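Structure first, commentary second.
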């Protein structure tokens, strides 16, 4: 087989997929975003940027955006702190640490649908385990998913529970890459554990933290199964988010053009959020040279 | 390390166990709820241990919904997706890593740049394509897009690049074809990363929700996550049923995890190292 033929044949499956399921759909989606189309009644009707103006003019968009930002503001600091804490804990060499690592990882393996069903039941205001546990320590739990102000924190709680093991493992890999001579030098200088944590561990693990921040912000914009299963965007739109809207517009209301426009707005937000973080990384991420 | 190793050690076990407690309590609750009769779900104060223990929910699960069928569908879709991703991506990765040709870097950059576009953008046109081809509610429709997986290609290529060229050069001198080199040298030497990719792809496909939700709407075609979410809309307050379904859907992945823990942890932390 000639080299050229080999290259062609080996790339063929991926190339077909690239064209059929990525490039053509991206083009189609861009075109659809400029049209009005309900799938059943004839071909798409071109009407320029009207979908985008309609979306921005609708107060629903502001709600979707603020719900998403609310999720991010609660979720990101919690998940970063929790994952870093768990990773530092797992970076010890005590017997049994492997067992703990296995346990922390179990929620990561479950499907979001199963986890969301579980949390919907755990967060049941009257018969759920969370409020029962809170009751044991004398706290009257909120009505969680039934309440406009507590529904999103409930989803955040479920998401932190589900994701912390995953991100902890990524940070742990970063921790294990830290050169132990730093710690030895610090000990000779008489540093205590807190000084070592703040001056060595945290700065040297910032590349992993940065990666976790990037991934978790992207995931936050794409929040979907937990919302679909736990609240369906409710109560009163308090948990409506981008992908939930896109799904509903496209596959429940058959407003394909409108949904395509929404998906491009989502893309712009994800892209902008990633760029901003790449710009900000110089201020806090420390790379060893 | 510390002047008080005993305090440190105790602190470790206390903290680690508290976190493990919060990790596991929800699962305990899930098992306990699935073994309750319907009435026992709504008893105050909350019963942590079901009394009496009842398998009613599991029995009803299979009679209300083609649940056995959903298990089969999930296995089929997850295995199919994994096979397609691993084969197609490793072939492309080999070419990108080891064979130089004109336009290689441009093409590879194009592959990578598609990763910036979120799946929600392409999912609507992909749905429309399947619809016009009559592939809705077919497994072929669910599986087809996995033939292109830029992340998998990237992951494998990075790994294959670290394999010394001396191996393949020696083989070429011996008259081996590219296909032989790929199958006999590159693939075996990439075993660890292929294993990691296999388990994470399988897990991703097993747990995937949005794409199968769109494509598989027929009750007999649904995968477990889609079936579970349908149960949720139909029997949303029968938590013994939903918990039983959720547990069954988790079991295969948990078994796989305990069998291949190293590959799972390697696979899922890979993004962090390579990213």
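Are any of the residues in the range A:91-104 within 14 Å of residue B:26 (Cβ to Cβ), in contact (Cβ under 8 Å) with a residue 40 or more places away in the chain and buried (at least 17 other Cβ atoms within 10 Å of the Cβ)? Yes. Here B:91, B:115 are screened, and the one residue that is out of contact with any strand residue (DSSP E or B) (no Cβ under 8 Å at 6 or more places or on another chain), in contact (Cβ under 8 Å) with a residue 24 or more places away in the chain, within 12 Å of another protein chain (Cβ to nearest Cβ) and exposed (fewer than 14 other Cβ atoms within 10 Å of the Cβ) is B:115. Summed over the range B:194-229, the residues that are under 13 Å from the mean Cα position of the chain (by Cα), under 17 Å from residue B:75 (Cβ atoms) and more than 13 Å from chain A (Cβ to nearest Cβ) give a count of 2.
Would you call residue A:118 under 30 Å from residue A:206 (Cβ atoms), surrounded by 18 or more Cβ atoms within 10 Å (Cβ to Cβ) and facing chain B (nearest Cβ under 9 Å)? Spelling it out, it is not the case that residue A:118 is under 30 Å from residue A:206 (Cβ atoms), surrounded by 18 or more Cβ atoms within 10 Å (Cβ to Cβ) and facing chain B (nearest Cβ under 9 Å). Counting only residues that are more than 11 Å from every other protein chain (Cβ to nearest Cβ) and part of a helix (DSSP H, G or I), the range A:125-155 holds 9 of them.
Exactly one residue out of B:146, B:177 is over 25 Å from the mean Cα position of the chain (by Cα) and either touching a residue at least 40 places away in the same chain (Cβ under 8 Å) or over 30 Å from residue B:253 (Cα atoms) (or both): that is B:177.
For the range B:207-219, a residue qualifies if it is in contact with a helix residue (DSSP H, G or I) (Cβ under 6 Å, 6 or more places away or on another chain) and at pLDDT below 90, but none of them does. Considering the conditions (1) within 14 Å of chain A (Cβ to nearest Cβ); (2) at pLDDT 90 or above; (3) buried (at least 16 other Cβ atoms within 10 Å of the Cβ), residue B:50 is excluded by exactly one of them, (2).
Being under 17 Å from residue B:24 (Cα atoms) and facing chain B (nearest Cβ under 7 Å) is the filter here; which residues of the range A:89-104 pass it? Within the range A:89-104, A:100, A:102, A:103, A:104 meet the criteria.
The rows are residues; the columns are (1) under 15 Å from the mean Cα position of the chain (by Cα); (2) over 14 Å from residue A:91 (Cα atoms); (3) not in a loop (DSSP other than H, G, I, E, B).
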| position | (1), (2), (3) |
| --- | --- |
| A:157 | yes, yes, yes |
| A:163 | yes, yes, yes |
| A:166 | yes, yes, yes |
| A:183 | no, no, yes |
| A:187 | no, yes, yes |
| A:195 | no, yes, yes |
| A:206 | no, yes, yes |
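For the range A:254-283, give me each residue that is more than 20 Å from the chain's Cα centre (by Cα) and surrounded by 12 or more Cβ atoms within 10 Å (Cβ to Cβ). Of everything in the range A:254-283, those that are more than 20 Å from the chain's Cα centre (by Cα) and surrounded by 12 or more Cβ atoms within 10 Å (Cβ to Cβ) turn out to be A:254, A:255, A:256, A:257, A:258, A:259, A:260, A:261. Does the range A:255-262 contain any residue that is out of contact with any strand residue (DSSP E or B) (no Cβ under 6 Å at 6 or more places or on another chain), modelled with pLDDT of 90 or more and not in a helix (DSSP H, G or I)? Scanning the range A:255-262, I find at least one residue that is out of contact with any strand residue (DSSP E or B) (no Cβ under 6 Å at 6 or more places or on another chain), modelled with pLDDT of 90 or more and not in a helix (DSSP H, G or I), so the answer is yes.
When residue A:237 is tested against (1) farther than 30 Å from residue A:51 by Cβ; (2) touching a residue at least 60 places away in the same chain (Cβ under 8 Å); (3) more than 13 Å from the chain's Cα centre (by Cα), just one condition goes unmet, and that condition is (1).
The sole residue among B:264, B:182 that is within 11 Å of chain A (Cβ to nearest Cβ), more than 17 Å from the chain's Cα centre (by Cα) and within 17 Å of residue B:85 (Cβ to Cβ) is B:182.
When you look at residue B:240, is it part of a helix (DSSP H, G or I) and facing another protein chain (nearest Cβ under 7 Å), yes or no? No: the conditions fail for residue B:240. Looking at residue B:232, is it at the interface with another protein chain (Cβ under 10 Å from one of its Cβ atoms), closer than 30 Å to residue A:129 by Cβ and not in a helix (DSSP H, G or I)? No. In the range B:99-112, of all residues being at the interface with chain A (Cβ under 10 Å from one of its Cβ atoms) and in a helix (DSSP H, G or I), the one that is surrounded by the most Cβ atoms within 10 Å (Cβ to Cβ) corresponds to B:111.
Considering the range B:149-176, and only residues there that are part of a loop (DSSP other than H, G, I, E, B), surrounded by 13 or more Cβ atoms within 10 Å (Cβ to Cβ) and at pLDDT below 90, the residue that is nearest to the other protein chains (Cβ to nearest Cβ) turns out to be B:176. Listed by first and then second residue, the pairs linking a residue in the range B:227-240 that is at negative phi and crowded, with 23+ Cβ neighbours inside 10 Å to a residue that is modelled with pLDDT under 90 and in a helix (DSSP H, G or I), with Cβ atoms under 7 Å apart and 6 or more places separating them unless they lie on different chains, are B:227/B:67; B:239/B:41; B:240/B:38; B:240/B:41; B:240/B:57.
The values are calculated or read from the model by the stated rules, or taken from the named source; none is laboratory data. Just so it is clear, the structure is predicted and the values come from calculations on it, not from any experiment. Here the Cβ is made from the backbone with ideal geometry for all residues, glycine too, and neighbour counts use every protein chain on show.
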